[in-house]
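The values are calculated or read from the model by the stated rules, or taken from the named source; none is laboratory data. Source: prediction; values computed, not measured. Every residue, glycine as well, gets a Cβ built from its backbone with ideal geometry; the counts of neighbours run over all protein chains shown. What goes into the accessible areas is simple: the full protein's heavy atoms, side chains included, and nothing from ligands, DNA or RNA. Shrake-Rupley method; radii C 1.70, N 1.55, O 1.52, S 1.80 Å.
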Amino acid sequence: MPIWKRNLFVCWFGIFVTGVGLSQIAPVLPLFIKHLGVDNKALIVQFSGIAFGITYIISAIFSPIWGYAADKFGRKPMLLRASLGMAVVIGCMGFASNVYVLIGLRLLQGVITGYSTACTTLIATQTDKEHAGYALGTLSTAGIAGSLLGPTIGGFIAENFGLQNVFFITGAMLLIAFITTALFVKESFTREDKKTLSIKELWHLVPEKSLTITLFVTFFVLTVALYSVEPIMTVYVTQLSSNTRHVALFAGMIFSASGLANIIAAPRLGKLSDKIGAQKVILAALVVAGLIFIPQAFVKNPWQLMGLRFLLGLAAAGLIPSVNILVKKITPTSLTGRVFGLTMSAGYLGIFGGSVLGGQVAAHLGIRYVFFITSALLLINAVWVYFKMYKKLSLKEVNA
């Protein structure tokens with residue numbers, strides 16, 4: 001097996017488990033906080049929001065830092081640091097004695113994350129050009145699938161094995177990711193001893209500033225769109241379903257539909273990006289995803305919603321690999337880790353922003369407006385991409 005394929009397989013597993021580890025706490029959190037002795041419903045909701053959101057906010061801050069460390073010390077050391085650190089921290093959550101210890105551990109989890117950034121940089125820099133689209137497309141499925149399937153996996157483990165075992169089992173999976181990374185990931189890395197650059201100096205070295213900003217914003221809007229329905233999905237399924245006994249199961253299956261579609265489509269759309277240009281795939285995916293959100297506001301039962309979420313996953317699968325392909329294409333190799341770190345920060349902020357947006361819009365305007373506003377965000381982003389990215393890169397291809 002070629003080294004790049006072996007690296008891709010190990011990184012896919014690690015990012016998937018990391019995605020599960022970050023998101024599996026969502027359905028378990030209120031129950032676990034109550035288990036820790038908090039009985040007031042208002043306090044449970046408040047602590048749940050803090051514990052869920054703090055990981056993504058801190059991850060957004062530290063992701064560029066670990067991206068810089070990956071450029072300076074190598075990507076494999078960052079993979080080992082993140083996987084072992086998260087295995088220990090998430091495992092310790094099962095032993096939390098009170099809610100404050102839990103929140104502290106969630107904060108620490110955000111600090112030591114960075115596995116996805118290091119993996120993306122490793123695959124982007126160690127994979128030959130003709131396989132880059134396929135490799136980055138395949139890799140992108142891991143994070144999305146892990147994040148979307150995480151709540152279902154966490155709920156299943158909690159229901160069948162107990163709340164604490166959610167953390168112990170996830171920690172054990174991350175320990176396996178650490179061991180497989182140590183044994184099987186191979187990296188050819190030459191350290192460049194250069195002075196540490198400030199953010200201003202780093203930004204000065206980025207050759208395509210306008211295009212880079214467009215890619216950051218597109219990645220942010222995509223994650224906002226994918227997670228805007230997370231806080232309201234269970235409530236929406238309750239409204240759509242006549243059988244309230246299986247609401248949690250339906251909600252989990254609907255989340256999983258997007259993740260499954262992403263796994264199926266992302267490698268193929270990554271290859272398509274290599275052939276016709278990533279900017280074309282990004283534009284088409286934004287328009288299609290934006291349009292698919294509209295009928296979700298008018299569904300009559302959970303099965304219709306599940307079908308539309310599957311179609312959304314197919315469309316969204318074209319975005320993340322295409323963004324990563326363009327980031328690699330326009331960024332000097334010496335800066336790749338730091339720029340991918342900033343891209344991941346945009347994604348983490350999008351997850352947090354999407355959850356907040358969905359909850360606030362649903363509370364003040366109604367659940368259906370979550371879909372309308374998310375659709376508008378994607379379509380506005382598509383217009384911006386057309387003028388700032390599509391026309392510019394297409395003209396370069398014609399003149400090349």
*In segment 29-182, carbon and sulfur make up what percent of the accessible area (probe 1.4 Å)?*
71
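Determine the calculated [θ] at 222 nm for the chain from helices alone, applying -39500 (n - 2.57) to every DSSP H run no shorter than 4 residues and normalising by the residue count; nearest 500 deg cm²/dmol.
Details: 18 runs with 331 residues, N = 400.
Per the formula, -28000 deg cm²/dmol.
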*Go through 324-331, 336-343 and give me the packing order, highest mean Cβ count within 10 Å leading.*
336-343, 324-331
*Decide, for segment 137-187, between rounded, prolate and oblate: order the square roots of the alpha carbon gyration tensor eigenvalues as a ≥ b ≥ c, take rounded if a/c falls under 1.5, and otherwise choose prolate if a/b is larger than b/c, else oblate.*
oblate
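Please give the FRET efficiency for residue 43 paired with residue 394, using the beta carbon to beta carbon distance and R0 = 41 Å, rounded to the nearest 0.05. All intermediate terms of the calculation are to be shown ahead of the outcome.
Numbers: r = 54 Å, r/R0 = 1.32.
It comes to 0.15.
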*With no solvent and one point on each alpha carbon, what is the Debye value of log10 I(q)/I(0) for segment 48-183 at q = 0.18, 0.19, 0.20 Å⁻¹?*
-1.11, -1.22, -1.32
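Highest first, please rank the peptides 375-386, 53-64 by the mean number of other Cβ atoms sitting within 10 Å of their residues. Numbers along the way, then the final one.
Working: 375-386: 18.5, 53-64: 20.5.
Going from most to least packed, we get 53-64, 375-386.
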_Cα pair distances of segment 300-350 binned at 5 Å [whole percent]_ = 5, 17, 18, 18, 13, 11, 8, 6, 4, 2, 0
*Using the Karplus curve 6.51 cos²θ - 1.76 cosθ + 1.60 with θ = phi - 60°, work out ³J(HN,Hα) for each residue of segment 152-168 in order, rounded to whole Hz, and write x for Gly and Pro.*
5, 5, x, x, 5, 5, 4, 6, 9, 10, x, 4, 5, 5, 4, 6, 5
*State, to one decimal in nm, how far the label point of residue 184 lies from the label point of residue 298, with both points 7 Å from Cα in the Cβ direction.*
4.7
*With θ set to phi - 60° and the Karplus curve 6.51 cos²θ - 1.76 cosθ + 1.60, what are the ³J(HN,Hα) couplings of segment 303-317 in order, to the nearest whole Hz, using x for Gly and Pro?*
5, 5, 5, 4, x, 5, 5, 5, 4, 4, x, 4, 5, 5, 4
*Using a 4.7 Å Cβ cut-off, which Cys residues in the chain lack a partner cysteine?*
92
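What number, in nm² with one decimal, is the all-direction average of the projected area of the convex hull of the alpha-carbon atoms of segment 237-330?
Values: hull surface 24.7 nm².
That works out to 6.2 nm².
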*Stokes-Einstein at 4 °C, 1.567 mPa s, Kirkwood radius from Cα pairs: D for the chain in µm² s⁻¹?*
61
_Cβ crowding within 10 Å averaged over residues, with 79-88, 167-176, 363-372 ranked highest first_ = 79-88, 167-176, 363-372
_Paramagnetic reach from residue 376 (point 7 Å along Cα→Cβ, amide N under 20 Å) across segment 284-327_ = 286-299
_Quick one: 3J(HN,Hα) in Hz for segment 115-120, Karplus 6.51/-1.76/1.60 with θ = phi - 60°, rounded, Gly and Pro as x._
5, 5, 4, 5, 5, 4
*Note down the nm distance, to one decimal, between modelled labels 7 Å out along Cα→Cβ at residue 360 and at residue 9.*
4.6
*Quickly work out the residue 264-to-residue 202 label distance, labels modelled 7 Å from Cα along the C-beta direction, and quote it in nm with one decimal.*
3.9
